[in-house]
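Report on one structure; see the data block that follows.
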Amino acid sequence: MKTQVAIIGAGPSGLLLGALLHRAGIDNIILERQSGEYVLGRIRAGILEQVTVDLLHEAGVGDGVSQEGTVHHAIELVFKNQRHPIDVTHLTGGKVVTAYGQTEVTRDLMSHRAAQGLPTVYEAKDVALHGFDGASPYVTYEKDGQSHRVDCRFIAGCDGFHGVSRASVPEGAITEYEKVYPFGWLGVLADVPPVSPHAIVYANSERGFALCSMRSMTRSRYYVQCPLSDTVDAWSDQRFWDELRLRLDPDLSSRIVTGPSIEKSIAPLRSFVAEPMRFGSLFLAGDASHIVPPTGAKGLNLAATDVKYLSQSFIEYFNDKTDAGIDTYSERCLRRIWRAERFSWWLTSLMHRFPDTQGFGQKIQEAELDYLVNSEALSRSLAENYVGLPLNFAE
């Protein structure tokens, strides 16, 4: 088999890249080691920046988010048992975020790819990348007991943190930066109306962090900070709802509608960047290159902007016959990535209880939050980062 771009990974970043390349007339194939059902079963982010929404429309898959997404203009911060709204739309000259789950984004992209008859190989085993130090790379894999080979011009590694793409880079060619946080998030998905009309409520309390977010007007995603040593089995639904109430202000606490959990899991938090993001004919995008704590809602959005830069680079190479885009891809992405890493680290540090966040540390967090909600300049900085930096930021 031969194609122009072999895409590793059928998550939202790989599928979005495939859709953008197809619209530009560039052949591509997607290889995914898991089944389609497994990919759809992964519960992830649900807040989309306007840049990401625009990219879905550009790729021809914007109907779902237009019809089912919920546009939001503000977030809320809770500390010292009081709630403070931040009007992000006013502070950013009209920008918004949209609540629309990653599962729905992935389903829309999968359906679009299937309708276009584009090749996607699910349950591709033993995927291996070859020859990407030159101009004639290829990918091998096993499917139904048969060996297959895909020759291509470029390989796009969109297969996540644990994927084969970054792992295939020779030792010493990549530099990794990482910070692991000393706690996790216990998340519950439930078919209950959101506690607030705003997209997200961030809560700082002496008991630890909590977050309230919506997936739709009838489905909500809630989180509480917990020790990494905790297990899901130790958290009954009742214990979760009781703890969540204790971390919110009294008014919000009284408004929570509880229900059985559809999904419950504990996720560790880390900040991670691998650079550069290009190795000859291999390009990394999304979680294959970087991870952010979910606090700032940047993971899916960063992956989408990586894909935008990468699709532009490939389109320029094949259609305009220039190497300029592929030569600057890593640099352009990383400048934006590190800004998002900084924002996610800052918000995580501000809102969570760390081992030393007792007494003095808690008071410092509360003082900074008080300054934040009463300073238009600092509130604007939060709002600008929350709605997402413009695509041309890295130019």
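The values are calculated or read from the model by the stated rules, or taken from the named source; none is laboratory data. A quick note: this is a predicted structure, and the numbers were derived from the prediction, not measured. Backbone-built Cβ (ideal geometry, glycine too); neighbour counts: all protein chains shown.
Of the numbered conditions (1) assigned to a helix (DSSP H, G or I); (2) in the same structural domain as Gly296 (by TED's automatic domain parsing), Ser136 fails exactly one; give the number of that condition.
Status for Ser136: all satisfied but (1).
Just give me the residues in segment 52-73 being assigned to a helix (DSSP H, G or I), surrounded by fewer than 18 Cβ atoms within 10 Å (Cβ to Cβ) and polar (S, T, N, Q), in sequence order. Before the answer, list the steps.
Step one: list which residues in segment 52-73 are assigned to a helix (DSSP H, G or I), which gives 52-58, 63-68.
Checking which are surrounded by fewer than 18 Cβ atoms within 10 Å (Cβ to Cβ) leaves us with 54, 57-58, 63-64, 66-68.
The answer is Ser66, Gln67.
Can you pull out every residue in segment 161-211 that is buried (at least 22 other Cβ atoms within 10 Å of the Cβ) and closer than 14 Å to Met277 by Cα?
Result: Ser165, single match.
Kindly indicate which of Glu32, Glu49 is within 30 Å of Glu376 (Cβ to Cβ) and either under 18 Å from the mean Cα position of the chain (by Cα) or crowded, with 21+ Cβ neighbours inside 10 Å (or both).
Details: Glu32 fails: within 30 Å of Glu376 (Cβ to Cβ).
The conditions single out Glu49.
Output yes when any residue across segment 69-92 is out of contact with any Lys or Arg (no Cβ under 6 Å at 6 or more places or on another chain) and within 27 Å of Met277 (Cβ to Cβ), and no when none is. So that I can check it myself, show each step before the final result.
First, pick out the residues of segment 69-92 that are out of contact with any Lys or Arg (no Cβ under 6 Å at 6 or more places or on another chain): 69-75, 77-90, 92.
If we keep only those that are within 27 Å of Met277 (Cβ to Cβ) too, we end up with none.
No, segment 69-92 has no match at all.
Is at least one residue of segment 221-236 of a type in the set (Lys, Arg), modelled with pLDDT under 95 and surrounded by fewer than 22 Cβ atoms within 10 Å (Cβ to Cβ)? Show your work before the answer.
So the first thing to find is which residues in segment 221-236 are of a type in the set (Lys, Arg), and the list is 221.
In the following step, the residues that additionally are modelled with pLDDT under 95 were identified as 221.
If we keep only those that are surrounded by fewer than 22 Cβ atoms within 10 Å (Cβ to Cβ) as well, we get none.
For segment 221-236, residues of a type in the set (Lys, Arg), modelled with pLDDT under 95 and surrounded by fewer than 22 Cβ atoms within 10 Å (Cβ to Cβ): absent.
Kindly list, by first and then second residue, each pair from a residue in segment 107-133 that is β-branched (Val, Ile, Thr) to a residue that is modelled with pLDDT under 95 and surrounded by 15 or more Cβ atoms within 10 Å (Cβ to Cβ), limited to pairs with Cβ atoms under 9 Å and residues at least 6 apart or on different chains.
Thr120/Gly36
For segment 142-155: of the residues being in contact with a Ser or Thr (Cβ under 8 Å, 6 or more places away or on another chain) and not β-branched (Val, Ile, Thr), which is nearest to Thr305 (Cα to Cα)? Can you show your working first?
So the first thing to find is which residues in segment 142-155 are in contact with a Ser or Thr (Cβ under 8 Å, 6 or more places away or on another chain), and the list is 147-155.
Checking the rest, the ones that are also not β-branched (Val, Ile, Thr) come to 147-149, 151-154.
Working: Ser147: 34, His148: 31, Arg149: 29, Asp151: 27, Cys152: 23, Arg153: 22, Phe154: 19 Å.
Once the filter is applied, the top-ranked residue is Phe154.
Which residue is surrounded by the most Cβ atoms within 10 Å (Cβ to Cβ), if the candidates are limited to segment 338-395 and must be farther than 18 Å from Ala74 by Cα and of a type in the set (Asp, Glu)?
Here the residue is Glu341.
Please pick out the residue among Phe132, Phe79 that is hydrophobic (A, V, I, L, M, F, W, C), touching a helix residue (DSSP H, G or I) at 6+ places or on another chain (Cβ under 6 Å) and over 22 Å from Arg219 (Cα atoms).
Details: Phe132 fails: touching a helix residue (DSSP H, G or I) at 6+ places or on another chain (Cβ under 6 Å).
The unique qualifying residue is Phe79.
Please work out which one of (1) outside any helix (DSSP H, G or I); (2) crowded, with 24+ Cβ neighbours inside 10 Å is the condition Ala274 fails and give its number.
(2)
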